[in-house]
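The values are calculated or read from the model by the stated rules, or taken from the named source; none is laboratory data. Predicted model only: the values in this text are computed from it and were never measured. Cβ placement follows ideal geometry from the backbone for every residue including glycine, while neighbour counts extend to all protein chains displayed. Just so you know, the surface numbers come from the protein's heavy atoms only, side chains and all, with ligands and any DNA or RNA stripped out. Shrake-Rupley method; radii C 1.70, N 1.55, O 1.52, S 1.80 Å.
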4 protein chains.
Amino acid sequence: MTSYDSKVAKLGHIAVHTPDLDESLWFFEEVMGFKLTERVGGTAYLRGMRDWEHHTLSVTESGRTGIDHIAFRTTTPEAVGELAEQFEVNGADVRRVAAGDERGQGSAVRVERFGHEYEFYYDVEKPKAPKELRSKLRNRNYSEATANRIAPRRIDHCHVQDGVSAEHAAWLAEELGFNVNEQYRESDGELWGWWLSVTPLPHDIAIHRLPTGTDPNLHHVSYHVDSREDLWECADILAEYGMEPEAGPGKHAITRADFLYVSDPASELCIELFAGPGYLNFEPDWEPIEWHEDELGPATSHQWVGEGPDWYGVGIPYVD
Amino acid sequence: MTSYDSKVAKLGHIAVHTPDLDESLWFFEEVMGFKLTERVGGTAYLRGMRDWEHHTLSVTESGRTGIDHIAFRTTTPEAVGELAEQFEVNGADVRRVAAGDERGQGSAVRVERFGHEYEFYYDVEKPKAPKELRSKLRNRNYSEATANRIAPRRIDHCHVQDGVSAEHAAWLAEELGFNVNEQYRESDGELWGWWLSVTPLPHDIAIHRLPTGTDPNLHHVSYHVDSREDLWECADILAEYGMEPEAGPGKHAITRADFLYVSDPASELCIELFAGPGYLNFEPDWEPIEWHEDELGPATSHQWVGEGPDWYGVGIPYVD
Amino acid sequence: MTSYDSKVAKLGHIAVHTPDLDESLWFFEEVMGFKLTERVGGTAYLRGMRDWEHHTLSVTESGRTGIDHIAFRTTTPEAVGELAEQFEVNGADVRRVAAGDERGQGSAVRVERFGHEYEFYYDVEKPKAPKELRSKLRNRNYSEATANRIAPRRIDHCHVQDGVSAEHAAWLAEELGFNVNEQYRESDGELWGWWLSVTPLPHDIAIHRLPTGTDPNLHHVSYHVDSREDLWECADILAEYGMEPEAGPGKHAITRADFLYVSDPASELCIELFAGPGYLNFEPDWEPIEWHEDELGPATSHQWVGEGPDWYGVGIPYVD
Amino acid sequence: MTSYDSKVAKLGHIAVHTPDLDESLWFFEEVMGFKLTERVGGTAYLRGMRDWEHHTLSVTESGRTGIDHIAFRTTTPEAVGELAEQFEVNGADVRRVAAGDERGQGSAVRVERFGHEYEFYYDVEKPKAPKELRSKLRNRNYSEATANRIAPRRIDHCHVQDGVSAEHAAWLAEELGFNVNEQYRESDGELWGWWLSVTPLPHDIAIHRLPTGTDPNLHHVSYHVDSREDLWECADILAEYGMEPEAGPGKHAITRADFLYVSDPASELCIELFAGPGYLNFEPDWEPIEWHEDELGPATSHQWVGEGPDWYGVGIPYVD
């Protein structure tokens, strides 16, 4: 199966929990410049300045930190049911999510695979920005005239970790049609990381290996910004709030992502701002690029400045 | 038909003619920083610094200026023959191109539609950069250590014009599965421009309407560069050669492309350097964005600084 | 006399008039991101986000458009009186401005030379940004956390025009110690432009020649922004307000300024946003760089995209 | 004494030693893009792409690593002798350097103060770039058409360390007229760093305190580049050579410098690439900005990502 046959169109959204929604919203809206579509009950529905869908990040107050689910949008309305059937045929337990259970979203299905909670949906509202914030430019949603100087533009990818990564990556490739664009092999001979996509992005999802038996977690969700300048604006503005980046600015060798990481102090959700072009993969015959831990120096095998496998072990767990 | 069902994976290359190949190569290699894969007979095969295929631009010395063909790569090897059959069923005249007729390329088919010569191929060589120019980074081909400061990175899109644009755009959408991402309606009520893609790029091909009966032409081929800084480097370097941009730097309202245009003085081929993020369209339910000539001011309906429909009439004609 | 002996430290501020102060403030504060220090009577005192002085631009409602005066700050408190004496010795008419006549400013002197109204002052308040807008960084005044995405940073230079430019430039050099960094000679053999400074900036003031007998005017005042990205943000945001740049983005050959021009719709004051490094002149033996109209092509003699001498004729007149 | 009265115009050059001049030249010319004015005997005279003087960095092969001297250019030819006389009156030992002893330089004087070897000169050649490398733009020296993608533009400042910093800084301020723009106080109540300048740059020289009795050293010399993009190009290109930055990219809170540090593997000389605007200080009444180690968090007291006082202890020692 290839990405051309995949029923998955794109990464849709991430749903996380927080012990303090007001503080999380202070971080996401005021500090970072996310846009709030609506806040209903204990959940805030957020999106980047140029995201079209109702939300690409939902944050629910629940007394704890955690990841609830990761949602992919399908290529057609029918694909939602087709995927559900396929999962069931393969023995997985599928749950239906009624239309409206998540604000702005039609009926969806969820399946737990390798400890991760995946959701698949097609129908979703695409509300226009409120009139006073709306762009006059027809191919933008929110005006950038009064935007925060950080202002994530659109969701890019997510990054998860677990103790069954090889099987997990194989499932994404074989059952869902993701391409493995890049992979990283440690000096013990085992693969440690996979960067997979159904779109031309260098990755829609990355998986890192944790020791066998470790609970799965979400390392970060990434949002795209226009330029490296935006990464510097972000670090500058964090300093005004007495905060610091988790890592960066720097560039990953793998995916060529220019990055800055910063965490919501309430939910501990780590956000990667991804700037610059990275690369786009339009090749139908792409072979996975493999990096080896001990073959290349640190400049190329990991990234310029930053962290190796150790940094990645930590993440927020599933709320279950 | 949608882009998910399309047999076309991407824009592959453009083949043009020049009255003076040495002068064209001076422009493309020395001034602009294109990479020469090989020069065989009267043809030079060029690519951007991060293009993987054997060539994304071929330039043939033939005593005249002109466009020879526009080539799309298919999603599978079989799709080449399937498309040929489909074109023939629909009454078009299909010609086979033997493997090797174009250096680095397997067997392909060509069809003339609406005055444009389209080629479809799958098999193509992806030669590594010569060892002394090769990147140590596995997801790059050429090292950028000694690269020219302009150095186009990868082919992005092409832009053609003809007197039968509405039919032409409909054919691309219906028979090949391109999405119409944006379109422009003039005050006479007629559509004047279509921006279409099979990838998430804002356009793989754009079409502008010329008066009925006008011969079709190629307005420009576009290459992506990393940042707006590169557009400024380019204009600066052109000044060192006593040359000027055709237009720009500026930003198009449609596609949100940050641009600079410059022409090869020998072949008159116009190159658009496209920087910045533009936008990527991952939405399966995207509705064409329509711009109206007389509804919005010049700031939004055309572009910041630059040219309206008049500028676009000119282009290089097909060679035969 | 050289800039090392000059009694002038820097360009201080520009005072202009407007027929509609509310509309001017809408433009300067809301659209552009200037900071309002205070509004007293019919005058608003504005500054860039990183200007330290009380104001670098004052705008007075007076029923008309015009320039009131151009102010330079002296190197010492005593220099104000020394300059006044020197001007009087040389036959000029000097007027005293009492402390507080301009808000935030101590006693100053004014002299009219070549039709331009120049002010010299030393004492000036440097009010800290209001607490809720103040930067936590000790070498910044306003926090950039909530700043507008254009947000001029600091005053850079002004640009005036008159019919006695050669004498005017000579006076600035000989009596005030400005260096002529660059000059431009037209094909008639006459100098048309002078770029002069007492600081290492490529110019603190530029003068363009108008036909003999023409009234002097102010072409623009320039503010510095951090990067070319900011020029693009500016043009983008102007589009949201239905406005367009006057010119640019582009780069001047002379001074190497990356620029975008935009005018206040009420006062017609033209603002040049100047990004990028330009150049700094630290050389004590700098010889004026001379450009010739007919020696070099347009790419180098004027600028990439933009305007020659014609564009510069227009400006706002002195209010008298 | 203020910078307006200073006899020092600017930082001129740094002279260092290397155990392997060929390797140092590989690094400075090939990797980094410095321009070689000439190589005479065992010394290479280098400059940035936009430096006007004969050299801003000289590298001499001498079997060891070290700093030879730091040179400042005076405001007038006479100032060289006047400074010599002043130093002698104050009891220092002054040595004359004959014209031509350093290539391209007229007669100069040297004085050792606080363990540092300072040189003062005025006469210096400003050779044009070789014709084939010369810019057509009259306010540039070397063309950037074929320049390396890193290519430092001009010398910016130097950074030294010693055990008598407070006295050293006071001498620069009182005897030479440097302004203290910023200073840093550690939690022990002692000042640890001084950033001083005679120009509007945030610093022409910085001094860090080492434990009393420690030998003085040079931490780094800094060159300016145009933009943050250049910092990324640099880190990217270093990766191609299997090298890594010493630190960065990041931004210093003090001076607001966007930085990347990289060392010559042969001489161990550390180069700071300084991008972006930092700030320019045109204020005649500037009061030193004081930062306190324990008052502010790491984001603001040191810098985004990087190193505190420990990192700065190391440097290259004086050669004799």
Tabulated pairs, the range A:231-242, first farther than 26 Å from residue B:227 by Cα and of a type in the set (Ser, Thr, Tyr), second modelled with pLDDT of 90 or more and assigned to a helix (DSSP H, G or I), C-beta under 8 angstrom, 6+ apart or interchain
A:241/A:31
Scan the range B:247-259 residue by residue and report those that are more than 9 Å from chain C (Cβ to nearest Cβ), outside any loop (DSSP other than H, G, I, E, B) and under 16 Å from the mean Cα position of the chain (by Cα).
B:255, B:259
Residue set C:103, C:149; condition under 23 Å from residue C:50 (Cβ atoms), open to solvent by less than 10 Å² (accessible area, probe 1.4 Å) and assigned to a loop (DSSP other than H, G, I, E, B); output residue C:149
Every residue in the range A:199-215 that is in a loop (DSSP other than H, G, I, E, B), surrounded by fewer than 23 Cβ atoms within 10 Å (Cβ to Cβ) and either touching a helix residue (DSSP H, G or I) at 6+ places or on another chain (Cβ under 7 Å) or without any contact (Cβ under 8 Å) to a residue 60 or more places away in the chain (or both), please.
A:211, A:212, A:213, A:214
As an exercise: evaluate residue D:137 against (1) assigned to a strand (DSSP E or B); (2) without any contact (Cβ under 8 Å) to a residue 24 or more places away in the chain and give the number of the one condition it does not meet.
(1)
Here the residues within the range D:220-246 that are open to solvent by 10 Å² or more (accessible area, probe 1.4 Å) and in a strand (DSSP E or B) are D:224
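Give the residues of the range B:36-49 that are of a type in the set (Lys, Arg) and surrounded by fewer than 24 Cβ atoms within 10 Å (Cβ to Cβ), sorted by residue number. Working first, answer last.
As a first pass, look at the range B:36-49 and keep what is of a type in the set (Lys, Arg): B:39, B:47.
The one that is of a type in the set (Lys, Arg) and surrounded by fewer than 24 Cβ atoms within 10 Å (Cβ to Cβ): B:39.
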Failed criterion for residue C:277 (all others in (1) at pLDDT below 60; (2) in contact with a Pro (Cβ under 9 Å, 6 or more places away or on another chain); (3) surrounded by 17 or more Cβ atoms within 10 Å (Cβ to Cβ) hold)
(1)
Can you find a residue that is free of Cβ contacts under 8 Å to residues at least 24 places away in the same chain and basic (Lys, Arg) anywhere in the range A:114-126?
no
Selection status of residue A:53, closer than 28 Å to residue B:283 by Cα, free of Cβ contacts under 8 Å to residues at least 24 places away in the same chain and touching a strand residue (DSSP E or B) at 6+ places or on another chain (Cβ under 9 Å):
no
Which of the residues belonging to the range B:260-274 are touching a strand residue (DSSP E or B) at 6+ places or on another chain (Cβ under 9 Å) and either within 9 Å of chain A (Cβ to nearest Cβ) or farther than 15 Å from residue B:222 by Cα (or both)?
B:266, B:267
Positions within the range D:56-97 being open to solvent by less than 10 Å² (accessible area, probe 1.4 Å) and either without any contact (Cβ under 8 Å) to a residue 40 or more places away in the chain or more than 22 Å from residue D:128 (Cα to Cα) (or both), in sequence order
D:66, D:67, D:69, D:70, D:79, D:83, D:84, D:87
Could you tell me whether the range C:183-198 includes any residue that is outside any strand (DSSP E or B) and crowded, with 23+ Cβ neighbours inside 10 Å?
yes
Only one of B:198, B:160 that is closer than 27 Å to residue A:257 by Cβ and among the hydrophobic types (A, V, I, L, M, F, W, C)
B:198
Based on this model, can you work out whether residue A:147 counts as touching a Gly at 6+ places or on another chain (Cβ under 7 Å) and not polar (S, T, N, Q)?
yes
Hey, does the range A:120-143 have a residue that's open to solvent by less than 10 Å² (accessible area, probe 1.4 Å) and away from chain C (no Cβ under 14 Å)?
yes
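Yes or no: residue B:187 on the phi < 0 side of the Ramachandran plot, free of Cβ contacts under 8 Å to residues at least 12 places away in the same chain and out of contact with any Leu (no Cβ under 9 Å at 6 or more places or on another chain)?
no
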With (1) touching a residue at least 60 places away in the same chain (Cβ under 8 Å); (2) at negative phi; (3) touching a strand residue (DSSP E or B) at 6+ places or on another chain (Cβ under 9 Å) as the list, and residue D:278 as the residue in question, which single condition is left unmet?
(2)
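Being within 14 Å of another protein chain (Cβ to nearest Cβ) and assigned to a strand (DSSP E or B) is the filter here, so list the residues in the range A:1-25 that pass it. Lay out the reasoning, then the answer.
Let us first name the residues in the range A:1-25 that are within 14 Å of another protein chain (Cβ to nearest Cβ), namely A:1-13.
Result: A:8, A:9, A:10, A:11, A:12, A:13.
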Which of the numbered conditions does residue B:169 fail, given that it passes all the others? Conditions: (1) small (Gly, Ala, Ser); (2) in a strand (DSSP E or B); (3) within 23 Å of residue B:284 (Cα to Cα).
(2)
From the set of residues in the range D:282-300 that are out of contact with any helix residue (DSSP H, G or I) (no Cβ under 9 Å at 6 or more places or on another chain) and more than 9 Å from chain C (Cβ to nearest Cβ), which is modelled with the lowest pLDDT?
D:298
